[in-house]
Amino acid sequence: LLEALRDNILYLYYKHNEGVNMMEGMMGCFKACASVVALLETKLSRADKTVQSLREATWLVLNNLNGSSDGHEELRCVQKAATALLATLALVGSSEGTPPSKIWSRCVANGITLLHWAIHDFFPISTADSSIPNLTKDGAKADPKLWEEHATWLSVAKELAAMDTDEMDLGNDPVDNHRSEALKSRIQCLTGYVHSLLKMDSYSLQTRLTPLLLPLDSLLDTSEILLSFPLATEATHRSTKSRLRSSPVKDGLISPNAAVVISADIRLCGHALLDVTVQSCSGGGALLLGKARRLVGMVVANLQSSCSPALVSVVVENGRRSSGGGATSAGSWLRGSIPLRIQSVRMFHLVAISLGSGVMSSTGTAKLMSRALVLLGGCLLEQVAG
């Protein structure tokens, strides 16, 4: 049955490439496969070739279906169904006797690593974890299979960029647009993949895995990178000469202009990843308590970067006017985005509920909490005033 569904997925995918809309058919096949895997679980442990071929077919679809103005919602539904299927494959185990819990933990770590590699190859962020360049450089040696998977996607993204450069409009570079869309789609898919693994939506109660297996530090690092992506892109955009803003950044593949366009979507992925990380640790409070100060710092900094310049200049000590208006000039478009501000408030609420009032108002976080409460009140007053 799984082999037949895999063949259907490939058939529908190739027909879709010929111009026929097969999104609903692919989505149905992915959901059917996930249901079969969730039902049989380790009974499929000896069907390694079938499971691997299904995994490869799923990644083939995810790597080649990028966002467009037409059928965007259908595309997101297909991506969600595909990543949910990939997450359920961890339940199968392996013929070598590796338990599903160990495979699940490895899948979460692999998803995080692929996210790091994608961002570093396309738009390196200087404030990111210093280990990322080494991971990218030595990826082929550290994990050849995972690196091959990343390299396959990278080649596909580059092929999309080289499709038609003869009719290039200097004001709207198709190479840059295709690469930025490929990066956005990749980050959305990988975030959805990790999200499905952590949520365990298709897992039965008997196979729910303990949050103690979570690579919490890596998840927080990745969330912080995604959340800070808009600030990094706008800083690069401002520091780059206007005639060079359409050229790829140093050691990257997309320009500052293209990075700014997709930065809001990347930040939303950071919100989704941090939210599911906090929710996954709700049953293991000690995990979150050990990271309380870092979590509070992240959500308060995120909230502050989403508030209006006028509000931040009042709340932040001395308005930071002496530093050249940094508190009010940085992230001007980001501070005006109401959807991102709403997500920032929701994320603060989730962390506050998860940690509890005692932790949130402790000695180490009291100053940050005071600032956050004033920012929240200011946001409310601004919305009421219109």
Using a 1.4 Å probe on the protein chains only, how many percent of the accessible area of the stretch 25-112 belongs to carbon and sulfur? 53
Quick one: net charge around residue 250, please, counting Lys, Arg +1 and Asp, Glu -1 for every other residue with C-beta under 14 Å from its C-beta. 0
Residue-normalised accessible area of the stretch 17-98, expressed per residue, 1.4 Å probe, Å²: 48
Inter-probe distance in nm under a simple model that places probes 7 Å from Cα toward Cβ, at residue 264 and residue 145: 4.0
Cβ-derived FRET efficiency at R0 45 Å, residue 251 paired with residue 36, nearest 0.05: 0.55
Here the gain from full extension of residue 43 to residue 289, 0.36 nm per residue of separation minus their alpha-carbon distance, amounts to 84.8 nm
Listed by chain and number, the lysines with an alpha carbon less than 22 angstrom from that of residue 31, same-chain partners under 8 positions apart left out, are 15, 43, 49, 80, 199
Extension length gain for residue 3 and residue 74 (0.36 nm per residue less Cα distance), in nm, is 23.1 nm
So which lysines can residue 367 reach, going by Cα to Cα under 26 Å and dropping same-chain residues fewer than 8 places off? 291
Which peptide among 236-243, 262-269 comes first, and what is the full order, when sorted by highest mean count of other Cβ atoms within 10 Å? 262-269, 236-243
FRET efficiency estimate (nearest 0.05) - Cβ-Cβ, residue 385 to residue 152, R0 41 angstrom: 0.20
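Using the beta-carbon distance between residue 17 and residue 50 and R0 = 30 Å, what value does 1/(1 + (r/R0)^6) give for FRET efficiency, to the nearest 0.05?
Numbers: r = 24 Å, r/R0 = 0.81.
It comes out at approximately 0.80.
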Residue 362 neighbourhood, Cβ < 14 Å, K/R = +1, D/E = -1, net charge +4
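The values are calculated or read from the model by the stated rules, or taken from the named source; none is laboratory data. This one's a predicted model, so the numbers in the text were calculated from it and none came from an experiment. Virtual Cβ from ideal backbone geometry, glycine too; neighbours counted across all protein chains shown. The protein model used for the area step is the full one, side chains on, heavy atoms only, and it has no ligands, DNA or RNA in it. Shrake-Rupley method; radii C 1.70, N 1.55, O 1.52, S 1.80 Å.
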